[in-house]
Ligand SMILES: Nc1ncnc2c1ncn2[C@@H]1O[C@H](COP(=O)(O)OP(=O)(O)OP(=O)(O)O)[C@@H](O)[C@H]1O
Ligand SMILES: [Mg+2]
């Protein structure tokens, strides 16, 4: 991928990332961009999604709304240089990055290094939970994102309370020693907001009161992160360049072959796990849908 996430000392980056397709990256990214813009911040939304969902959201946005500056980063526009295409105007102080599905491992650090906030939306289904657990592990092991700095937050998306999958997701999230920064309802309000180029925060409050409640913890967490200065740890570069390939922890183990996130996932207990799988100390992905749950 032709990547070079823009960096500037006064530009705060918020990265929405999960290689699993359809987890809600574009929805979360556009809602954050709309929220920041409606709060009076100069914000740009950079779209790496080949489907251009975030850019479509911006096209749907009325000129009368506070500006969200759009940057298409997915395809190289041959009429200009890549750096010109990716430029962020100097008045922009917040950059929300909507990342594509099926990211490759070497791109993870490029996207996340030096970000003020890294948000991972995750859906409450067995396959999505498992993929999210592995991905969080990748961020920690491969991209060297620090849990301690608190920059990494999971957003449980399309949550329907009191369903079995919701309870599984809760159990998984509780076991991760990273912040669960919010739980977003499964609601047609998000579909409507996308069609209008709005964030939930810009809709009729009486219509979206439950959604506004669920966003409160996300925006509080986000504001804390944006106010916290980056440290050298946030800028740490992984030691060696990684070979191209799917972003999984096995990138560090050349002998191990694992499916991409988008492939069918074999759960532990169904002979799917390589014994050579490296682990983050203190991090154990959950075993959704199995009776061999070590936490029990
Ligand atoms: N909380 C929600 N409630 C209802 N619908 C939602 C919610 N979140 C996302 N959706 C819908 O789910 C679909 C996928 O969401 P979205 O495009 O944000 O996912 P994505 O992770 O960006 O997908 P991709 O990996 O393809 O880029 C969209 O149609 C979106 O409107
Ligand atoms: Mg998307």
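What the table below lists for this structure:
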{"read-out": "Computed lengthening from residue 90 to residue 41, 0.36 nm per intervening residue step minus Cα-Cα distance", "value": "16.3 nm"}
{"read-out": "Sorted by Cβ neighbour density within 10 Å, fewest at the top, the residues 223, 183", "value": "223, 183"}
{"read-out": "Whether segment 155-241 is rounded, prolate or oblate, judged on the alpha carbon gyration tensor where a/c under 1.5 counts as rounded", "value": "oblate"}
{"read-out": "Computed FRET value (nearest 0.05) for residue 220 with residue 79, which takes r as the C-beta separation and R₀ as 41 Å", "value": "0.45"}
{"read-out": "At R0 = 45 Å, FRET efficiency that the Cβ-Cβ distance of residue 144 and residue 206 yields, to 0.05", "value": "0.50"}
{"read-out": "Ascending count of other beta-carbon atoms within 10 Å, so fewest first, for 224, 138", "value": "224, 138"}
{"read-out": "Among beta bridges that DSSP assigns inside segment 12-235, antiparallel share in %, nearest 5", "value": "0 percent"}
{"read-out": "FRET efficiency for residue 233 and residue 160, using Cβ-Cβ distance with R0 set to 35 Å, rounded to 0.05", "value": "0.40"}
{"read-out": "Residues 135, 192, sorted so that the one with the fewest Cβ neighbours within 10 Å comes first", "value": "192, 135"}
{"read-out": "Cα-only Debye scattering, segment 12-235: base-10 log of I(q)/I(0) at q = 0.13, 0.19 Å⁻¹", "value": "-0.72, -1.62"}
{"read-out": "Relative contact order of segment 12-235, defined on C-alpha pairs under 8 angstrom at six or more residues apart (%)", "value": "26 percent"}
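Each value in this text was obtained by applying a stated rule to the coordinates, not by laboratory testing. Since the structure is predicted, the reported quantities are computational estimates derived from the model, not experimental observations. Because the Cβ atoms are built from the backbone with ideal geometry, glycine has one as well, and the counts that use them run over all protein chains shown.
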